[in-house]
Structures are given as structure tokens and as C-alpha cells.
Amino acid sequence: MKATDKGTPEPSPAVSQEPCEAAKDLEEWRRLRSLATRPNVLEAIDERIVRLEASANTNRDAASREVTQTVPHSSADDTPAASTLSQIHFLPLTSFAWDQSDRSVKIYVKIQGVQDIPKDRIAVKFARQSMELEVRDLAGKNYSLIFKRLNNLIAPDDCSYRIKKDMVVVTLQKSGGQWWSDISFKETKFAAPPKLDQNADPGASIMSLMKNLYEEGDDEMKRTIAKSWMESQQQRMSGESPFGDIEL
């Protein structure tokens, strides 16, 4: 503090609350992101988080330059935990396509201008059934594409990636010759078979069961039932067909 003309110490200026408010804003935006589900909303929130992080880093750098040499060194015990503002935030990559052969799966990830940054800012990590692509500091932003569980096993040591114009091409070598139905693993859920009414007429129950199987079954099931139904037409005149007058 310095003395005024009247000898009264002049009060020190109040410490700005802006950095604290920025940290609270960033924390709130991250909480909102964990609740959002719509792609457009997620993208808007991610953009806001990136801007807040950039602003926080700029303010922190400016503050560090203003610290004088008279400030004593603090001990390790006095050092606060790392601020959440220093955490790196990645924008999710959503524009990609993929195809496959008997031996490999290729993922074509569209990233505008990716060929213009140093190669050490691009990294791809492979595991037995997962893959993670990271692109750092591309026009001031970080991007990632993560598959926590691929459709099937891969051979990590044989996988690779190439950088092309506005695109990264990732090649996953299959561990076996399985044909992938999707890029990510999805559990197959089978519907429980319909229950038969024990008190109903057996013929009517069979017809009801076949109709339910046809309506809820896949294409292969429908073809099988339709074929059986057509073959039963020859027996309808004699009353031997188990399908009766069921319409498929």
C-alpha cells in the first residue's frame, strides 16, 4: 500500500473475480455437455468449452508474466492441485466412413486441413478390440475419434494409418477372417418366444404362433415360413394343413 496526502494508507485494489467466474463457467459447460445428447447441441457446447479454455490459458499466461521476482517460492506442500482448466478438451470426429475386405477394415476420417500440421500432432492407438485417433492443435482445436469396443478383434501391431488431403485413413488388420456387420460391437438381443395359450384350440394356437413368428421374424424367417405355408396349400383341401387360413 502507499500513503495518501493525508497520511492514510490507500487500500489495495480488489482482486479481480474474472478468472474464478471463468472457471465456474467452464465447469458448468462441461456439466451440461455430460447431459446433452443431440449432435448439434454437443458441437455448440464443445465450441464454447474450447473458447473458454483458450481464454483461461491466455489469462493464466498473462498473470504469470506479472509476477515479480520478490514473490517467495512456495513449498511442494503449498502447491495447489492442477486446475481443471489445464485439461485438454477434444472435439469428437463424427464425419467418417468405412469398408472392409477379408483381412482388414479401413476407416476414412474426414478432417479439414489435417495434412498441414506436423505429423507428431497426429496419433493413433490400437488395442486388441479398440482404437483411438487424436489430432492436436489443428487451427487451435483438438479432435478425437474413439471406438472403445470394435466389432471384432484386431492385430494391433499390424494396424496402420495414412495422412491424406483432408483425411486420415486408418487400416485395422482383422485378427480373424470374420465379416464385420458394423464398425462397433453390438450385442444381439433375441426376443422371447410368444407363449401359447394352454386352454386355446391347438390348431388356432399354432396359427397364432406362426403368424407372430412371421410378423416379428427377420427376412430369413419370413422366407422359411412362407415356403412352408405355400407347400401346405396342397393339403388345405384335405384339411391337413396346420396353417389353416393364415394370411402371410
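To keep it simple, each residue is scored yes or no on (1) within 15 Å of Val169 (Cβ to Cβ); (2) in contact with a helix residue (DSSP H, G or I) (Cβ under 8 Å, 6 or more places away or on another chain); (3) among the small types (Gly, Ala, Ser); (4) at pLDDT below 95.
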position	(1), (2), (3), (4)
Asp99	yes, no, no, yes
Arg103	no, no, no, yes
Gln129	no, no, no, yes
Leu133	yes, no, no, no
Arg149	no, no, no, yes
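Within segment 86-117, count every residue that is in a loop (DSSP other than H, G, I, E, B), among the hydrophobic types (A, V, I, L, M, F, W, C) and free of Cβ contacts under 8 Å to residues at least 40 places away in the same chain.
Qualifying residue count for the region: 1.
Among the residues of segment 184-199, are any in a loop (DSSP other than H, G, I, E, B) and modelled with pLDDT of 70 or more?
Yes, the conditions are met somewhere in segment 184-199.
Is there a residue being modelled with pLDDT of 70 or more, farther than 26 Å from Val135 by Cα and assigned to a helix (DSSP H, G or I) anywhere in segment 23-31?
Taking every residue of segment 23-31 in turn, at least one turns out to be modelled with pLDDT of 70 or more, farther than 26 Å from Val135 by Cα and assigned to a helix (DSSP H, G or I).
Hey, can you tell me all the residues within segment 132-184 that are free of Cβ contacts under 8 Å to residues at least 40 places away in the same chain and of a type in the set (Phe, Trp, Tyr)?
Answer for segment 132-184, where residues must be free of Cβ contacts under 8 Å to residues at least 40 places away in the same chain and of a type in the set (Phe, Trp, Tyr): Phe147, Tyr161.
If we scan segment 118-131, do we find a residue that is of a type in the set (Lys, Arg), in contact (Cβ under 8 Å) with a residue 12 or more places away in the chain and surrounded by 15 or more Cβ atoms within 10 Å (Cβ to Cβ)?
Within segment 118-131 (the criterion being of a type in the set (Lys, Arg), in contact (Cβ under 8 Å) with a residue 12 or more places away in the chain and surrounded by 15 or more Cβ atoms within 10 Å (Cβ to Cβ)), the answer is no, since none of the residues qualifies.
Checking the structure you have, find out if any residue of segment 36-45 is modelled with pLDDT under 60, hydrophobic (A, V, I, L, M, F, W, C) and not in a loop (DSSP other than H, G, I, E, B).
no
Could you look through segment 106-149, keep only residues that are within 16 Å of the chain's Cα centre (by Cα) and β-branched (Val, Ile, Thr), and pick out the one that is farthest from Ser181 (Cα to Cα)?
Val135
The values are calculated or read from the model by the stated rules, or taken from the named source; none is laboratory data. These numbers come from a predicted model, not from an experiment. We place every Cβ from the backbone using ideal geometry, glycine too, and count neighbours over all the protein chains shown.
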